[in-house]
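Presented below is the structure to which this report refers.
Just so it is clear, none of the values below were taken in a lab; they were calculated from the coordinates. These numbers come from a predicted model, not from an experiment. FYI the Cβ positions are ideal-geometry reconstructions off the backbone, even for glycines, and counts take in every protein chain you see.
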Amino acid sequence: MTFKKVYSLGLIFLLGILLVVTFMNFNQNNFNNNYDLSEYYINQGVQDTKSINLVTAILFDYRGFDTLGEATVIFIAALIISLLTKRSTSSLVYNNFSPLVYQNISFIVPFLYIFGFYLIFYGHLSPGGGFAGGVVIATIFVLLTITFGVRRTREEDVLRAKSLLENLGMAGFVIIGLLGMVSGYNFLANGQAGFYLGEAGKLISAGTIPWLNLMTGIKVGASLSIIFNCLVREVE
Amino acid sequence: MINPGIIYLIASIILYMSKEEWRKYFALITAVSTGIILFALPQGQYLQLPFLDFEMILLEVTAVNRFIGFIFVFFSIAAVIYGINLFSRKDYCLTYFYIGSSLAIIFVGDFFSFYICWELMTISSYFLIFNNQKPVTRETSYYYFVMHLVGAISLLWGILLHYSAVGTMALTTVKVGLPFFILAVAIKLAFIGFHTWLPKTYAETPFYISVILSAYTTKVGVYSFYKLLGSRQYLAYAGIVTAVIGVLLALSQTKVRKLLSYHIISQIGYMIVGLSVGTAIGKKGGLLHLANNILYKGLLFMIIGAVIYSTKGEEDLINLGSLFKKLPYTTVYVIIAAVSIAGIPFFNGHISKLLLKKGTNDPILVWGMYIAAIGTSLSFLKILYFGFFKSAEQEIETKQRPTKGMLVGMGLLAAACLIIGLRPQLLLQILGGVKKEVNYFSLHYLWVGLQPTLLAAILLKLAYQWVKPQPHKSHPFDLYKLLGRGFNYFGSKLSQWHNGNLQRYILWILTALVLLWGQALI
Amino acid sequence: MNEMIWLIIGPLLIAFSLLAINLYLKKIYNWIIISSSILTFILSCSLFRKVLIKPLAYSLGSWEMTKGINLVADPLAGILIVTVALLNLLIIIYSLAYIEKNISKYYTLLFVLTAALNGMILTGDLFNLFVCVEIVSIVSYALVAFRRNHKAYEASFKYIIIGTVGGFFVLLAIILTYHQTGTLNLAQLVVRSSDISKVVKSGIISLFLIGFGSKFALVPLHTWLPDAHPAAPASISALLSGIVIKGYLYAWLRTLLILSNPSEIIASNLNLILIYSGVITLLVGHFLAYQQQSLKRLLAYSSISQIGYIMIGIGTLTKQGMSGGIFHIINHALVKSALFLAAGIFSEKIKAKKIKSLVGIGYKTPLVALGFTIAAITLIGLPPFNIFISKWLIALAAIKAGFIIPAGAILLGSILALSYYLKVIKAIYTKKKENYKIININWRLKIPVITLTSLCLIIGLAPNILLPKLGQAVRYLLKSKEYYQILFTG
Amino acid sequence: MLAVQIVIAILFILGIYTILNRKNVIKIIMGINIMEASLILFLIQLSYKDGGTAPILDKEYELIVDPLPQALALTAIVIGASTTAVMLFLAIKLYKEYGTLDISEIRRLRG
């Protein structure tokens, strides 16, 4: 045990005590009367947005701007990784699996697509949404890359296409947001701007939310697969 | 209605942009016309400018600052004529900037602009001193700037204290934060103990630059002493210490410009005595001494400059000798200057020293000045004898004659020394005149004026071996360098802690968090 | 036309379409970049003019004020937005000649950075603030690693670890705040912050200070900065030093003064902590800067010390001190950017990174070297430049608030700053050989440096252009009730 | 509730402990993820109500958990995941440049 270790352990212990003291001091009294915001969301959320998944309603409508921000974070992460990857090397060209693997993967891919897009389009009705769906879509590319490898000649093109798709998703998000401004309301306006909200619980409802979900899904899928591609390149 | 300093500041920019052939004429015209404008300025406060939450007074004319401003402008004319063919574009620009800021500082009427001009002076003089060809000036100018900034910061601190206590910015004698003002002024006018920057810098710059530097920086210090500190008896003792120690240090030098630099310090001591004894005559004596000192000290710097110019860089008394044959005009000037500074009657030093003596009653101060006067005479006898009249062991070669500009410039100053020595009232009128009670040329005073020089001559004869210029160690103990080293050591220790280990850094963050949170809880 | 939202989504849109523009509209690429940044600048100016009359609020999604996310612009935000836009414009002009590889990605990052900074400054929602802070952070990590050498990776890695840990502290504080108040809206928090129990509040405030502090480099949380800023390209170092750390500082300041009012801060002695941490920061920054051999590292440490001045100004919690601190933020943004941009010219065009190798640069690129010298003199705090005015204001406010030692430290800092900037100036104007050839430097590189230094002089000579507006800006900081009213009564 | 909160605190300090005391870069990144997990757990705990259902209102429910922290948790997860990806990538790069993953040896920048 060096001094540094003892010291750091002591500090951590103190920090833990501080945290617990803080937790124990939570003000239980105003716990309930204060939470009018969440009450409002629970009571009025479905009426306001016609999205029965309240998390999606908050994520894409009430706090859509946050979502734009977090999508930007992924976008930047993908950008950094593709920026820092070396251009010249290419890898994972070919893997030897048993035919069973190839067959199974080929079989499973369409279902994955369906699952991914289901998650995206039913984001406002059930658990899921653009992020989850996007991740599922990204896994398709991951699977395909692992099993079938990347063709050296096409690699650059594929990456560029994915980047374009990613940019498109991001720009699409902003443009859907702008629609609210076009119709005379504020950025990211949905129900207020008079978009067709439909009936709660139906697939085509909730105004722009599904579209935002779609854009996010495209973007997340593209970003994550870019990240994967670049990491794979780098590891070899 | 404009602050004369601002004319110079604007001129410096124009000088930088103007064509080679027009530059010197423009410089001269600016100087002369500023002198004329200065005469026309009526007394009072003008040019008030609201700034932040106070008023800046950019022009305040009183008898005293007009007097000093007049001397400054006159000297600048002489200095420009002196170096008219030597100045480069950069020199012209910086010189005018420097003179302009020191002129402006004389005429401003509030602390804020006072401080700004003070800093402008420091910055421009730094670049004047900084000489790209001479490696040693890199160190000395660094030293100069840091030291002067310490003074300036001290001044700023004083101003801040003064302003927050008093609530006005008007430039007056200060009451709050006095020690800081004293420190600031002490560094500017090279009190003994804070003087280390002066000999270093003045002896290393090109000679035509040191002519200019010798006149302004310390004199601005004296002016601010007069303006800010007022008359305090204990400062007079500090002044006499400066005068005596300065002259003793000067005596041990062999390089002429170093010797002259120490003499500046010593002469400043006189002025401080005059300004702080508190009598009207003393104050006038101090101010007149300031003017005289600019004239003859500038003249001396010009003379040694001419010597350096004609011998291509020789200024060590050990090597110099029998220059009177080779540089006859210069010899005439050096005699005038030496006689003036020694206080021989009919030259200007006599007048101001006499006024100073008249103004002081304290025996310590009087005796101190007497000793300093002997030292002064001795050291100038030394320059005269060893530099110009004694034949050198190795014949010194003069490679080029001093230019006409140099001779004219020196002539102007020498003439001024003579005129003031003979008709002091001409200059004293600007200050409001001195009552006729002092008869400068009575026999008693003539005798008093001659005494120190005679004693010095005797001393020179008696202690010839001791006075003779001889090689000596020139690395005096310097406290400030030690301070700098300590500062550096501390920094390097601090730097070692940043050893690049990420976990250590995170530990610091965590420590800060726990400490902060813990103290907030408790 | 609402400037606020366009200031955020405009740069974002440009960033997202740059790849396509690069592929299909290569010819007008530069024009699009320049014109969009000019447009951003114009927008920000117009926003600033509007908020001076009356602060503005904007509800995203047209929700009621408490239900969704809002953007709020008060004069303080307006000033910072203009600074961001100005620096962004100048840096883009500079980058056109400076960046040679990965151009498209570079500009994407730059525009996202601008958008996120604007978002961080304008947002009126606590969690959205966190999101914007994280975007700015992640873009900064990317830009630090932009050079793709070992230094860049190491610096970026350290930055990312420390930044993420700091980010988690901020997130923890935000969660605690939400737990206690049930709202994330900054204006509502003004009212509800009194609901937070004392113990939790002290935790929240410490976590915010440490979390944001490790992003704006308060000593001893500063350790990533001297690695990160020099590793980035010069244009980015200028942005990081000039505006990014100030953005974090602004975010912290806003949250602090919304969660607790000045009298509370004084009662809990937090102001003492702020002021003395400022003193320590400035001294440590100066001392370490003196030790540096590399120019950009020196500048980075100098940035740390400037944070100290700002903290002292803020810690006084008086109107004068605060406006001095904010004035210093703006001044330092201009000056430090000029210095970094000039250093970038030195290091790229003349291959001089160490201070020693700067010898003679004053004769090779006279104009840039002059700009550097003026900026250095400005940063030391010598008159008649702008930093002097802000230091004066801060010191005066500190004295009036009774903090004599910190005020003294501000002035002492000037001497310390001189000691190392003079080393650089000395090297720049030293002549080793007789003849130096003047090196031709692209005008795009020169213009930003010259503009910024001349702005320093202009602001220094006429600070009264800005100062009354700063006084107005501080009003909304010190009286958080008025911030509340922006949203709720318009 | 307090039990969960203590778990949160333990996870949080466990993460910090890992960052402080493990030399391996990958483990440090794992420590950061542990910290993040504790925060997300905190968010979820915040929204929890006894007997509440998930905020998906396909039927009429009596008690529904607070949906806002869940949305925040999603955002936090995404941000955390992106940051982790960047960190891991930098770790790969560092390994290539320095030939080691020992954090105490990755310190060429100092002073």
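Please average, across the residues of B:147-157, the number of beta carbons from any other chain that are within 10 Å of each residue's own beta carbon, and give a whole number.
Taking the mean over all residues of the peptide, I get 5.
Total Lys pairs in chain D closer than 19 Å by alpha-carbon, pairs eight or more apart in sequence or interchain only?
5
Which value in Å does the Kirkwood hydrodynamic radius of chain A take, with 1/r averaged over all unlike C-alpha pairs and then inverted?
20.8
So if the hydrodynamic radius of region B:12-152 is defined as the Kirkwood radius over C-alpha pairs, what does Stokes-Einstein give as its diffusion coefficient at 10 °C and 1.306 mPa s, in µm² per second?
Answer, rounded: 97 µm²/s.
Normalise the Cα radius of gyration of region B:373-522 by 2.2 N^0.38 Å (N = residues in it) and let me know the number.
2.15
In terms of Cα to Cα distance under 16 Å, which lysines are near enough to B:Lys481, apart from those fewer than 8 places away along the same chain?
By straight Cα distance, B:Lys481 reaches B:Lys200, C:Lys423.
Give me the angle, in degrees from 0 to 90, between the Cα long axis of helix D:2-21 and the longest principal axis of the Cα atoms of chain D, rounded to the nearest 10.
Computed tilt is about 10 degrees.
Would you mind ranking B:Ile84, B:Ile344, C:Ile458 by Cβ crowding within 10 Å, fewest neighbours first?
C:Ile458, B:Ile344, B:Ile84
Hey, what do the phi angles of region C:233-239 turn into as Karplus ³J(HN,Hα) couplings, whole Hz, using 6.51/-1.76/1.60 and θ = phi - 60°, x for Gly and Pro?
x, 4, 4, 6, 4, 4, 5
Per the Cauchy relation, a quarter of the hull surface: what is the mean projected area of the convex hull of the alpha carbons in region B:87-186, in nm²?
Computed as one quarter of the Cα hull surface, the answer is 6.5 nm².
For every helix of n ≥ 4 consecutive DSSP H residues, a contribution of -39,500 (n - 2.57) applies; sum these over the protein assembly as shown, divide by its total residues, and give [θ] at 222 nm rounded to the nearest 500 deg cm²/dmol.
-24500 deg cm²/dmol
When N is the residue count of region B:288-327, what does its C-alpha Rg come to as a fraction of 2.2 N^0.38 Å?
Expressed relative to 2.2 N^0.38 Å, the Cα Rg reads 1.37.
I need to check one value: relative contact order of chain B, counting alpha carbon pairs closer than 8 Å and at least 6 residues apart, in percent.
Rounded, it is 13 percent for chain B.
Can you give the Rg and Dmax of region A:35-139 based on its C-alpha atoms, in angstrom?
In order Rg, Dmax, the Cα atoms of region A:35-139 give 19.3, 59 Å.
Using Stokes-Einstein with the Kirkwood hydrodynamic radius over Cα pairs, what translational diffusion coefficient do you get for chain B at 25 °C and a viscosity of 0.890 mPa s, in µm²/s rounded to a whole number?
For these conditions, the coefficient is 102 µm²/s.
Fewest to most neighbouring Cβ within 10 Å: what's the order for A:Tyr62, C:Tyr421, C:Tyr309?
C:Tyr421, A:Tyr62, C:Tyr309
Counting pairs of Cα atoms in region D:2-98, how many percent are more than 20 Å apart?
Looking at region D:2-98, the distances longer than 20 Å represent 50 percent of pairs.
Quick check on packing: order B:481-490, B:86-95 by the mean number of other C-beta atoms within 10 Å, highest mean leading.
B:86-95, B:481-490
Which of the lysines could a cross-linker bridge to C:Lys27, judged by Cα under 20 Å and excluding same-chain residues fewer than eight apart?
Within the straight-line limit of under 20 Å, C:Lys27 reaches these lysines: C:Lys101, C:Lys105.
At 37 °C and 0.692 mPa s, grab the translational diffusion coefficient of region C:77-223 from Stokes-Einstein with a Kirkwood Rh over Cα pairs, rounded to a whole number in µm² per second.
For these conditions, the coefficient is 195 µm²/s.
Quick one: check the C-alpha center-to-center distance for region D:2-27 versus region B:244-319, whole angstrom.
What the calculation gives is 73 Å, centre to centre.
Among the listed pairs B:Lys175/C:Lys319; B:Lys219/C:Lys437; B:Lys297/B:Lys326; B:Lys227/C:Lys469, which are separated by more than 30 Å between their Cα atoms?
B:Lys219/C:Lys437; B:Lys227/C:Lys469
Compute the Kirkwood hydrodynamic radius of region B:281-352, taking the inverse of the mean of 1/r over all pairs of distinct Cα atoms, and give it in Å to one decimal.
13.1
Greater than 22 Å separation of Cα atoms is the criterion. Which listed pairs, C:Lys349/C:Lys431; C:Lys215/C:Lys353; C:Lys356/C:Lys431; C:Lys246/C:Lys336; B:Lys188/B:Lys493, meet it?
C:Lys215/C:Lys353; B:Lys188/B:Lys493
Please give the helix B:502-521 orientation as an angle from the longest Cα principal axis of chain B, in degrees from 0 to 90, rounded to the nearest 10.
The helix B:502-521 is inclined about 80 degrees to chain B.
For B:Lys24, list the lysines whose Cα falls under 17 Å from its own Cα; do not include residues on the same chain fewer than 8 positions away.
B:Lys90, B:Lys404
Could you tell me how far the Cα centroid of region B:173-209 sits from the Cα centroid of region B:1-24, in Å?
Spelled out, the Cα-based centre of one part sits 28 Å from the other.
Calculate the all-directions average of the projected area of region B:231-472's alpha-carbon convex hull, and give it in nm².
For region B:231-472, averaging the hull's shadow over all directions gives 12.6 nm².
Tilt of helix B:280-311 relative to the longest C-alpha principal axis of chain B, in degrees (0 to 90, nearest 10)?
So the helix axis and the longest Cα principal axis differ by about 80 degrees.
If only Cα atoms are counted, what is the Rg of chain C, and what is its Dmax, in Å?
In order Rg, Dmax, the Cα atoms of chain C give 21.4, 73 Å.
Based on the inverse mean of 1/r over its pairs of different Cα atoms, what is the Kirkwood hydrodynamic radius of the protein assembly as shown, in Å?
When all Cα pairs of the protein assembly as shown are included, the Kirkwood radius is 34.4 Å.
One quarter of the convex hull surface, Cα atoms only: what value does that give for region B:479-521 in nm²?
Result: a mean projected hull area of 4.2 nm².
May I ask for the distance between the Cα centers of region D:41-84 and region A:189-208, given as a whole number of Å?
23
Which of the pairs B:Lys19/C:Lys446; B:Lys134/B:Lys258; B:Lys258/B:Lys312 have their Cα atoms more than 20 Å apart in this structure?
Violating the 20 Å Cα-Cα cut-off are B:Lys19/C:Lys446.
Arranged by the count of other C-beta atoms within 10 angstrom, fewest first, what order do A:Thr72, B:Thr201 take?
B:Thr201, A:Thr72
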